[in-house]
Each structure stands twice: as C-alpha cells, then as structure tokens.
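**Student:** The structure under discussion is supplied below as structure tokens; questions concerning it will follow.
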Amino acid sequence: MGEPALPFSDRTRLRRYHWLGKYDRDTINSIIDAGIICQVGYVFNGEPYVTPTSHWRIDDYVYWHGSSASRMLKTQQTGIPVCFTVTHLDGIVFARAAMNHNVQFRSVMAFGNAELVEEDKKREALAAFTDKLAPGLWDYARPPSEQEWLATKVIRMRLEDVSAKINDVFAGDEEEDLASDLWSGAVPLYVGQGEIIPDPRLAPGIEMPDFARLFRYTRK
C-alpha cells in the first residue's frame, strides 16, 4: 500500500479532526459523483452568497448550469474565486456522553476560479449531465431549441485545490463513559426512492421508458 495522498494546499488541509481528511482522487470523485445537489459560495458586490444547484463532474472539472440571465452565473463567468461543496448525511451517532453525539457524513470542499464553458463544449456537457441523471434520457427527450441553448449557461471549475472529509465512526466516548450502563450506537440514514408517478397530462397509451422504469437512486 502506498503513502496516503497529501493535501493539495494548506487551504484544503484539515486542521481539526485531521484524521477524517481524505485527499485521494478516487475518494473525492466518488463523493462528488454520488451527489446531485451542491452548494457554490461566491462574493457579489461585497456580499457573500451560497447557492444550491445541480452539479456533475467530467474528468477533473465540476460543472453547474443555469439561466443566462442568472446573476450568479454572470458573476461567476468572469473568473471569480468560488467555493464548491457537496455533503452526504449518512447517519446519526448517539453517544453515552451528551457532548459526543455526532453525525456520520461524507463531504468535499474545493476552491478555484469559475469559468464559462464555451458553446460547443456546453452542449456536450449538458448531454453528459442529463445522462448522468438517467442514462438514455438525453436522446429520448426533445432536443433543445436554439433559443433554449441561448438561455442556458454552463460554468465549470477545475478540481485542483480540493479535499474530502469522512466521518464513519461511532461515538468517541471517554473510558469512564464506556464503562457505564448507557447505550450508544448509530442510526444509518439513506436517501429513499418512492414509487414513480406518471405525469397526469400524459396522453393515453404512452409507455414508461426504460430510463425511468429502471431508475434507482442508492447510496454510493
């Protein structure tokens, strides 16, 4: 087994609970890819904003998109610094001591400069995003019109200064608490998938396509 991966920079090095830090690309990519929603932090007119949005990854870049009229995207396309985060809540930890209750989670934080994705690459990126949600969905649906293309921007950021943090342990109780008669344990949490609900406006006789019928969202 090789040496553990090191932080990309001092900015992404974990200081408190540093043993929870992960810096290898496989771990970082798996956490990003398992998520659908991220948070993007940036400064606009001297005020901080954190915007939740959908994301996807292609190689060493993370992408997000929105309306061409979006204040967020207009600001980010100028190359401003941004902070990108993804978090998965995996469980609640009940401890013997009140100050040791905790949560189990996987998270990624990345710093970088946003950039606008040019028109030809934008179309490829949005197709990749759509098929990430459900393979085959892009080719099934009506292609975007030229007006729809013009109304959409895609932003990306290179994953150069990034780290992951994973807490998958039980309570860190003290020795005297371990000897008590109090219970401790963890309750795993998962994102659940309900029954598929067809659009009530569907015309009669339209069958559900495989990408919907076979869709499964599970913890990765």
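The values are calculated or read from the model by the stated rules, or taken from the named source; none is laboratory data. Treat the numbers as computed from the prediction; the structure is a model and nothing was measured. For neighbour counting, all protein chains shown are included, and Cβ atoms are generated from backbone atoms with ideal geometry for every residue, glycine included.
**Student:** Restricting the search to segment 50-108, which residues are among the aromatic types (Phe, Trp, Tyr), touching a Leu at 6+ places or on another chain (Cβ under 9 Å) and more than 19 Å from residue 156 (Cα to Cα)?
**Tutor:** Result: 105, single match.
**Student:** Moving on to the next point. Given the structure, is residue 99 in contact with a Ser or Thr (Cβ under 9 Å, 6 or more places away or on another chain) and either surrounded by 19 or more Cβ atoms within 10 Å (Cβ to Cβ) or at pLDDT below 95 (or both)?
**Tutor:** Against the criterion (in contact with a Ser or Thr (Cβ under 9 Å, 6 or more places away or on another chain) and either surrounded by 19 or more Cβ atoms within 10 Å (Cβ to Cβ) or at pLDDT below 95 (or both)), residue 99 does not qualify.
**Student:** Filtering segment 14-26 down to residues that are among the charged types (D, E, K, R) and closer than 29 Å to residue 192 by Cβ, which residue is surrounded by the fewest Cβ atoms within 10 Å (Cβ to Cβ)?
**Tutor:** 26
**Student:** Scan segment 178-189 for residues that are within 25 Å of residue 34 (Cα to Cα) and either free of Cβ contacts under 8 Å to residues at least 40 places away in the same chain or outside any loop (DSSP other than H, G, I, E, B) (or both) and jot them down.
**Tutor:** Result: 186, 187, 188.
**Student:** Can you work out which of the residues in segment 110-159 that are among the hydroxyl-bearing types (Ser, Thr, Tyr) and touching a residue at least 40 places away in the same chain (Cβ under 8 Å) is nearest to residue 8 (Cα to Cα)?
**Tutor:** Of everything passing the filter in segment 110-159, 152 is nearest to residue 8 (Cα to Cα).
**Student:** Output yes when any residue across segment 79-88 is surrounded by 12 or more Cβ atoms within 10 Å (Cβ to Cβ), of a type in the set (A, V, I, L, M), over 27 Å from residue 172 (Cα atoms) and under 16 Å from the mean Cα position of the chain (by Cα), and no when none is.
**Tutor:** yes
**Student:** Can you confirm whether segment 27-47 contains a residue that is in a loop (DSSP other than H, G, I, E, B), of a type outside the set (Val, Ile, Thr), surrounded by fewer than 18 Cβ atoms within 10 Å (Cβ to Cβ) and touching a residue at least 40 places away in the same chain (Cβ under 8 Å)?
**Tutor:** No, that holds for no residue.
**Student:** Is it true that residue 165 is touching a residue at least 24 places away in the same chain (Cβ under 8 Å), charged (D, E, K, R) and closer than 19 Å to residue 33 by Cβ?
**Tutor:** Spelling it out, residue 165 is indeed touching a residue at least 24 places away in the same chain (Cβ under 8 Å), charged (D, E, K, R) and closer than 19 Å to residue 33 by Cβ.
**Student:** Then there is this: For residue 52, all conditions in the list (1) out of contact with any Lys or Arg (no Cβ under 7 Å at 6 or more places or on another chain); (2) touching a residue at least 40 places away in the same chain (Cβ under 8 Å); (3) outside any loop (DSSP other than H, G, I, E, B); (4) not aromatic (Phe, Trp, Tyr) hold save one; what is the number of the exception?
**Tutor:** Among (1) out of contact with any Lys or Arg (no Cβ under 7 Å at 6 or more places or on another chain); (2) touching a residue at least 40 places away in the same chain (Cβ under 8 Å); (3) outside any loop (DSSP other than H, G, I, E, B); (4) not aromatic (Phe, Trp, Tyr), the lone unmet condition for residue 52 is (2).
**Student:** Among the residues in segment 41-54, are any of a type outside the set (Gly, Ala, Ser) and touching an Asp or Glu at 6+ places or on another chain (Cβ under 9 Å)?
**Tutor:** No, there is no match, as no residue in segment 41-54 is of a type outside the set (Gly, Ala, Ser) and touching an Asp or Glu at 6+ places or on another chain (Cβ under 9 Å).
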